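The values are calculated or read from the model by the stated rules, or taken from the named source; none is laboratory data. Everything numeric in this text was worked out from a predicted model, so none of it was measured. Every residue, glycine among them, receives a Cβ derived from its backbone with ideal geometry; neighbour counts consider all protein chains shown. Keep in mind that these areas ignore ligands, DNA and RNA; they rest on the heavy atoms of the full protein, side chains included. Shrake-Rupley method; radii C 1.70, N 1.55, O 1.52, S 1.80 Å.
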Amino acid sequence: MKKKVIGILVCMMLMAVIPAAAGLNCNTEPEVGTEGIVKERIIMRGLIVNPHTTFGGKLAFLGIRVHYTAIGMQGVRRGILHMQRITLPDTPNGIITNGYMLISFRGRIDDII
């Protein structure tokens, strides 16, 4: 009887220790780099086709001619995107139709281009 009880206790201890030990080497804290601390305010306007959400919940569309203005710590960057598939990293605020958009959101322009 003692062997059964000891065997059950050892088995329960192993079942509790193995998952805990497996989770110890997982790094759950996000790595903070100096590059992504401050996000820019991006304003986009232009002609688009086929706005839809991807499986991750991000907004994607084909930009026929899209003007962007990125306002951040480094100043103001402006440019035009021609015939590119664009996926936005954050949920935008503004007007999005199947022909035209005027939106504003926080993000990095390097993630979009």
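Things worth noting here:
- Carbon and sulfur %, accessible surface of the range 50-101 computed with the full protein complex present, 1.4 Å: 55
- Applying Stokes-Einstein at 4 °C and 1.567 mPa s to the Kirkwood radius of the range 35-111, computed over alpha-carbon pairs, gives a translational diffusion coefficient of 103 µm² s⁻¹.
- Of the chymotrypsin sites (Phe, Trp or Tyr not before Pro) in the range 55-113, the ones in a loop by DSSP (not H, G, I, E or B) with at most 16 other beta carbons within 10 Å are Phe55.
- The residues packed around Thr87, meaning those with a beta-carbon under 12 Å from its beta-carbon, carry a net charge of 0 if Lys and Arg are +1 and Asp and Glu are -1.
- Heavy-atom accessible area for Leu81, with the other protein chains in place and a 1.4 Å probe, reaches approximately 10 Å².
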